[in-house]
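Every number in this text was worked out from the coordinates using simple rules, so none of it is lab data. Bear in mind the structure is a predicted one, so any value in this text is a computation, not a measurement.
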Amino acid sequence: MNTINKSILCFFALLVISSCKQSSSSQVNQDYPERDEFIVDLDLAKIKERGYITAIMDNSSTGLFVYKGKTMGYEYELLKLFCEEQGLQLRINITQNIGEGFNKLNTGDGDILAYNLTVTKERKNRIAFTHYHNLQRQVLIQRKPKDWRKMKLHEIEAQLIRNPVDLIGKEVVVRPHSSYYDRMVNLSDEIGGDILIVPGETNAETEQLIKMVAEGKIDFTVAEEDIALVNSTYYPNLDIKTAVSFPTQIAWGVRKNADELLGALNNWIVRMRKTTDYYVIYDKYFRSSKSALRRSRSKYSSIRGEAISPYDSLIQNAADELEWDWLLLAAQVFRESKFNENAESWAGAIGLMQVMPRTGKEYGIRDLYDPEKNIYAGMKHLQWLQNQWAKKIADEDERLKFVLASYNVGLGHLQDAVRLTEKYGGNPQSWQDVSGFLLKKSRSKYFNDPVVVYGYCRGSEPVEYVDRILDIYQNYKEILQIESQIETIVQ
């Protein structure tokens, strides 16, 4: 091929790259529309009336994930503490695409955008940011040389990019609708040469792109330093030492008209960052490399695994018998024993579903340490409770709460609470009404009432039990994104 033809081909190649960059930039800028958009009127007072906050999050090693049945994550644990202080439940809306997250926030499908979110001027046009809860640099993610373990440090360094200028002419794949894309555009201008900025797929997660670098599918991507640090534990062939930005603010986003919520969050964040709890949570996810590595290698992690527990198939079979979503039964098993087949309670309950020996005998089961037999006994007892309440509670979602509470505290105490509800003019088919009288059964006026047969009951335990199981179940459905067999239960 002669020199002229090569020049023509190079010209057209550059034209295509330029066109792709312009198109990608246009796509990213759609995240920050100039025109006014609808923003729902929903501030803290109205949120407190309904009783819960919905956080828009992603399933990631720092934001939110399930590990051995437990819901975990840096952002998640901080949000839980804030909600507890406000007396609110925390609900989750898993959204991997940041642009979609902005839409959900402003239309009211969520109240807090709790990504590892960098504060930028463009984003401030669309949402309000809380006080930052962290400061992070953006760093280049690149692979070490193929035989890096056999090489000396200076030999490895010689093959790595340490000066951002050396990114000129290199392809860097970043998440679209992200501050990484914006930073690469600015860096390209600053170094006086073109970095070939390639947006990943619309729903590409930062951690997916990091994995692609580790596997050799792409050469470079960009991430915040804390995310890079966690993922370098999973992939030791990655280098994360080259900074491509000054420290940037990491914060949560709220609607621009949610002044009360913003004020409450800012007040809490400033106080929280001065406490030991904050640093314990931060260190757990960003400085405990052994724990991060253990989670990354586990098949019981929602990030890279494929199961909740070693007993998934047993739980699924039992759930089929109950005609339940298996994730609901898994949530109950986790609440009972955290999937510990040898668990024992102070009251003598045994195994995965904390079955009492006398209950096991009723269903022909004596070895309650056997996972299969234990789950079978628990399932049969739930089945019996379902049949008892089917005669009295018409609504399936309401009935489920009565069944779960009865499993925890006994059928008799629930029947007492129903009789109290009827006596005092409440709705005996409403869990809200009945649970109120279950709570009152710890007071002498009520446990000595003539309609009460089973006496004193510390009703806070079964009420918390029901709430916690439904909370875990909702998290499982959101995080694991598995098709459910029953409708969402509204608490």
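Structure summary
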| quantity | calculated |
| --- | --- |
| Over region 60-161 - Rg/Rh using Cα atoms and the Kirkwood inverse-distance radius | 1.12 |
| Rounded tilt (10° steps) of 179-190 against the dominant C-alpha axis of the chain | 10 |
| C-alpha long axis of helix 371-390 to longest principal axis of the chain, angle in ° | 60 |
| Partner lysines for Lys152 [C-alpha distance under 27 Å; skip if fewer than 8 residues away on the same chain] | Lys144, Lys170, Lys211, Lys217, Lys241, Lys290 |
| C-alpha center-to-center spacing [region 105-122, region 175-200] in angstrom | 22 |
| Cα-based shape type of region 342-491, given that a ≥ b ≥ c are square roots of the gyration tensor eigenvalues and the cut on a/c is 1.5 | oblate |
| Region 452-473-region 244-290 distance, computed between alpha-carbon centres (Å) | 33 |
| Mean Cα-pair separation over length for the chain, i.e. relative contact order, pairs under 8 Å, 6 or more apart, % | 15 |
| C-alpha long axis of helix 276-286 to longest principal axis of the chain, angle in ° | 60 |
| At 1.002 mPa s and 20 °C, Stokes diffusion of region 243-386 via Kirkwood alpha-carbon radius, µm² per second | 113 |
| Radius of gyration and Dmax over the Cα atoms of the chain, both given in Å | 27.1, 103 |
